[in-house]
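Note sheet for the following structure.
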Amino acid sequence: MRHEILYQGAFAMLKVELAPGESIKAESGAMVSMSPGLELKGTMDGGIMRGLGRMLSGESFFFQELVAERRGGEVLLAPSAIGDIQSVELDGSYRLLVQKDGFLACTSGIQVKTQMQNLARGFLSGEGFFIVEISGRGTVFISSYGAIHAINLAAGEEMVIDNGHLVAWPDYMDYRIEKASKGWISSITSGEAIVCRFRGEGVVLVQSRSPKGFGNWIRQYLPKG
C-alpha cells in the first residue's frame with residue numbers, strides 16, 4: 001500500500017493507493033473521495049463493547065473501512081480539525097497512546113481501542129478519562145490541531161508538556177501529571193494549571209495549537225446571552 005501526505009501543515013490530507021485485496025480503516029466521516037472500484041462500509045472493529053467505549057470517549061461508534069476487492073484504486077482521507085497528519089510504523093513491540101481526537105486511519109493488522117485513564121489522571125489532565133490505544137503491526141496515521149512536532153527524549157531525560165498539546169506517545173514511556181508551578185495559585189494564574197512530565201527514552205508527538213486555547217480565544221467574540 002502506497003501513501004502520501006498532501007498539504008502538510010495546516011490543511012493536510014492523506015492519499016492512499018490500494019492494490020487489489022488491500023484495505024484501510026479510518027475514522028468515521030474521514031473519506032473525501034475514492035475510486036469507483038473501492039467499497040466503503042462501516043465496521044465496529046472489535047464488537048459492540050469497543051464501539052460503546054468509543055462513544056463514551058466522544059468518538060464515533062463505527063469506523064469506515066475502504067476495501068479494494070477486485071481492482072485497485074485511490075482514496076483521499078482528511079481529519080475534521082485544521083492540522084497536520086503523520087504516519088507511525090508499529091512493529092508490535094509496543095502500543096501507541098493517542099489523545100482521543102488524534103486517530104485518523106490505519107492499515108490492516110492494527111487494533112484500535114479506547115482505554116480509560118485512572119480517575120486521577122483523567123480528572124487532572126482536563127482531557128477526560130479516555131485515550132486511544134493502538135497496537136499491532138502496520139501503519140497508523142494520526143492527526144493534530146496545528147502542526148505536529150516530535151520531542152525526542154534520551155534515556156532519563158525529562159520534558160514538561162502542556163496536556164492540551166499532546167498528540168501521541170509510546171506506552172513504555174513514564175509520565176505523570178502534576179501542577180505547572182510549585183503552588184496551585186501560580187499554576188492557575190499562569191494559564192497552564194496542569195502539565196505532563198515525561199521521562200525518556202522515547203518520542204512524544206505534540207501539536208502546535210491547543211483546541212482548548214482556541215476555544216477560549218474565540219469565545220470572546222461570540223454574542224453574549
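The values are calculated or read from the model by the stated rules, or taken from the named source; none is laboratory data. All values reported here derive from a predicted model rather than from experimental measurement. Note: ideal-geometry Cβ built from the backbone for every residue, glycine included; neighbour counts use all protein chains shown.
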Entirely in segment 5-83, the strands (runs of 3 or more DSSP E) that have 2 or more residues that are modelled with pLDDT of 85 or more and surrounded by 14 or more Cβ atoms within 10 Å (Cβ to Cβ): 13-18, 23-27, 31-34, 63-67, 73-77
Cβ pairs under 6 Å, 6+ apart, first in segment 131-153 and closer than 21 Å to Gly29 by Cα, second assigned to a strand (DSSP E or B) and charged (D, E, K, R): Glu133/Lys113; Thr139/Glu89
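Rundown of residues vs (1) surrounded by fewer than 17 Cβ atoms within 10 Å (Cβ to Cβ); (2) within 25 Å of Gly83 (Cβ to Cβ); (3) more than 19 Å from the chain's Cα centre (by Cα); (4) at pLDDT 85 or above, yes/no style:
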residue	(1), (2), (3), (4)
His165	no, yes, no, yes
Ala168	no, yes, no, yes
Trp184	yes, no, yes, no
Glu192	yes, yes, yes, no
Phe198	no, yes, no, yes
Val204	no, yes, no, yes
Ser210	no, yes, no, yes
Matching residues, segment 84-120, being small (Gly, Ala, Ser) and modelled with pLDDT of 90 or more: Ser87, Gly92, Ser93, Gly102, Ala105, Ser108, Gly109
